[in-house]
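The values are calculated or read from the model by the stated rules, or taken from the named source; none is laboratory data. What you are looking at is a predicted structure, and each value in this text was computed from that prediction instead of being measured. Note: ideal-geometry Cβ built from the backbone for every residue, glycine included; neighbour counts use all protein chains shown. For accessibility, only protein heavy atoms count, side chains too; no ligands or nucleic acids. Shrake-Rupley method; radii C 1.70, N 1.55, O 1.52, S 1.80 Å.
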Amino acid sequence: MPVRRAARWLAGLSVALAALGVANAAHAQDKKIRIGVIFDLTGPLAGGGSELQYTGVKIMLDHYAKTGVEGYKVEAVYADAQSKPDIAINEAVRLLEQEKVDMVMGFFSSAQCVPVSARVEQMKKFMWITTCISSGVFDGKNYKYVFRPQAAGNQYGMMTTDFIAQYSMSKFGKEPKDLRVAIIHEDGAYGVDVSKGNEAGAKKAGFNIVLKEGYSATAPDLSALVTKLKRAKPDVIFHTGYNPDITLLFRQAREQGLKFGAIVGHGAGYGVYEKLKEGLGADANYLFNTDPISIWLANQKNMDPKLPPVIKMVGEEFDRLKPGVPIRSAHVGIGAANAYVFLDDVLPRAIKKYGGVDPDALRKAALDTDIPEGGTMLGYGVKFYGEGEQYAGQNARSFPVVLQYIDDKSYVVWPKSQMQRETELPLPAGTTYSYK
């Protein structure tokens, strides 16, 4: 009998331990972070860069779905904002309330970012902005749960005017005060914000601003704007737009015989070279774009050594998804790089130091982020402005660069610390819009 009782006891213990093991395994499997990802996969913004940003973010999330982070599974739930701010808001709320995601990530359009960030902050949920650039997202808002590693719109506008100011005399043969500049922009939050940076930078440089005007990105006709540009006779046009409005502007400029020395773009539509080439043909040559540096152009010698293999992985996966694309778009790299900062730096700290993935753990982990220059795939560092500061939640260490498309390649031409080649200014004689 004692032997039988002992056997029964051991058998019972085995069953109990097995059940405990199953429970522990189930608990381990339950440890996951669900990330809601919102981009424009349809509508005009999709082809203007949003779908490429989505691709970059998805490449990174797919990678971490395989590896996990500190014992947590990474699960992404995707939504299409359809190029409409109201749908972006509704999708963010749906993902947080119905899909029970732990946070939201992504967002291409500043017109969406501004209202969505306000709604997510009101809900006290965590939001990680990979893409949109409007300074208005953070200016004076004192948000606690919204963070953006991406450069801000006013930085774009100031960077390009500084670039032109440095070459005013050597390339245009004019003192800055004699250089005629026009500032045109789509009239949403993105365009308005960049144009403010352009205006502030132009005034700082002493440029002669001959025209400043906004327009609707969905306008079917921009001929009146082209007429104003012809009358103003700018040496340089600073333009912030999406696509197809960029293509429409250039087509009507060609039809009306508009001439200028240079046109400098600011992200969005100017960051999608294949669309520019498709719409403009040879006239895409010598255009400028302003964006965080393409991860494939960044100086890897000054970069954290763990990053080049990640850049290689992103590039290979993009080539597999989009074979034959002549230039790997900076949009893809921006999405991937800014998603990586969250997955590699913020999320592990939230789990290890702050005990999980609730909004407050993620917020505290983000505020602890302290990445030096060269510590991201985009070359810049990451340190967020804190509570009580004017731009609380914005990365204080981010910066864009000016790139120029030459012979189906893109080159960094400003600032000098990142420069890959000398810029071509003004437009060469014989090109469609050259005023030479």
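Considering only residues in segment 31-49 that are at pLDDT 95 or above and touching a helix residue (DSSP H, G or I) at 6+ places or on another chain (Cβ under 8 Å), the one that is most open to solvent (accessible area, probe 1.4 Å) turns out to be Leu41. Of the listed requirements (1) at negative phi; (2) small (Gly, Ala, Ser); (3) open to solvent by 30 Å² or more (accessible area, probe 1.4 Å), Gly324 misses just one: (1). Each residue in segment 132-157 was checked for being open to solvent by less than 10 Å² (accessible area, probe 1.4 Å) and either of a type in the set (S, T, N, Q) or over 18 Å from the mean Cα position of the chain (by Cα) (or both), and 3 of them qualify.
The one condition from (1) in contact with a Gly (Cβ under 9 Å, 6 or more places away or on another chain); (2) open to solvent by 10 Å² or more (accessible area, probe 1.4 Å); (3) part of a helix (DSSP H, G or I) that His331 does not meet is (2). The listed residues are Tyr391, Tyr405, Tyr380, Tyr354, and the only one of them that is in contact with a Phe, Trp or Tyr (Cβ under 8 Å, 6 or more places away or on another chain) and either within 28 Å of Lys100 (Cα to Cα) or open to solvent by 20 Å² or more (accessible area, probe 1.4 Å) (or both) turns out to be Tyr391. Taking the numbered list (1) touching a helix residue (DSSP H, G or I) at 6+ places or on another chain (Cβ under 7 Å); (2) open to solvent by 30 Å² or more (accessible area, probe 1.4 Å) in turn, Ser170 passes all entries but (1).
When the residues of segment 306-317 are filtered to those that are open to solvent by 60 Å² or more (accessible area, probe 1.4 Å) and outside any loop (DSSP other than H, G, I, E, B), which remaining residue is nearest to Val413 (Cα to Cα)? Walk me through how you get there before you give the answer.
Within segment 306-317, the first condition is being open to solvent by 60 Å² or more (accessible area, probe 1.4 Å), and the residues that meet it are 306, 309, 312, 316.
Then drop every residue that is not outside any loop (DSSP other than H, G, I, E, B), which leaves 309, 312, 316.
Numbers: Pro309: 25, Lys312: 23, Glu316: 26 Å.
Ranking the qualifying residues of segment 306-317, first place goes to Lys312.
Among the residues of segment 163-173, are any farther than 30 Å from Ala429 by Cα and either in a loop (DSSP other than H, G, I, E, B) or out of contact with any Leu (no Cβ under 8 Å at 6 or more places or on another chain) (or both)? The answer is no, given that none of the residues of segment 163-173 is farther than 30 Å from Ala429 by Cα and either in a loop (DSSP other than H, G, I, E, B) or out of contact with any Leu (no Cβ under 8 Å at 6 or more places or on another chain) (or both). Would you confirm, using the coordinates I've provided, whether Val104 is among the hydrophobic types (A, V, I, L, M, F, W, C) and over 21 Å from Asp291 (Cβ atoms)? Yes, satisfied. Among residues of segment 204-232 being within 27 Å of the chain's Cα centre (by Cα) and basic (Lys, Arg), the one that is least open to solvent (accessible area, probe 1.4 Å) is Lys212. Report yes if some residue within segment 358-365 is modelled with pLDDT under 95 and part of a loop (DSSP other than H, G, I, E, B); otherwise report no. Looking through segment 358-365, none of the residues is modelled with pLDDT under 95 and part of a loop (DSSP other than H, G, I, E, B). A count restricted to segment 106-122 and to residues that are in contact with a Ser or Thr (Cβ under 7 Å, 6 or more places away or on another chain) and either among the β-branched types (Val, Ile, Thr) or over 19 Å from Gly267 (Cβ atoms) (or both) stands at 1.
I need the full set of residues from segment 174-186 which are more than 29 Å from the chain's Cα centre (by Cα) and either part of a helix (DSSP H, G or I) or small (Gly, Ala, Ser) (or both), in order please. Walk me through it before giving the result.
The first filter runs over segment 174-186 and keeps only residues more than 29 Å from the chain's Cα centre (by Cα), leaving 174-180.
Across segment 174-186, the qualifying residues are Pro176, Lys177, Asp178.
Could you please let me know if Asp344 is free of Cβ contacts under 8 Å to residues at least 40 places away in the same chain and charged (D, E, K, R)?
Values: free of Cβ contacts under 8 Å to residues at least 40 places away in the same chain: yes; charged (D, E, K, R): yes.
Judged against the criteria, Asp344 is a match.
Of the residues in segment 144-156, at least one is in contact (Cβ under 8 Å) with a residue 60 or more places away in the chain, of a type in the set (Val, Ile, Thr) and either under 30 Å from Ile33 (Cα atoms) or part of a loop (DSSP other than H, G, I, E, B) (or both).
Evaluation of Tyr286 against the conditions (1) in contact with an Asp or Glu (Cβ under 7 Å, 6 or more places away or on another chain); (2) in contact (Cβ under 8 Å) with a residue 24 or more places away in the chain; (3) within 20 Å of Thr130 (Cβ to Cβ) shows that the sole unmet condition is (3).
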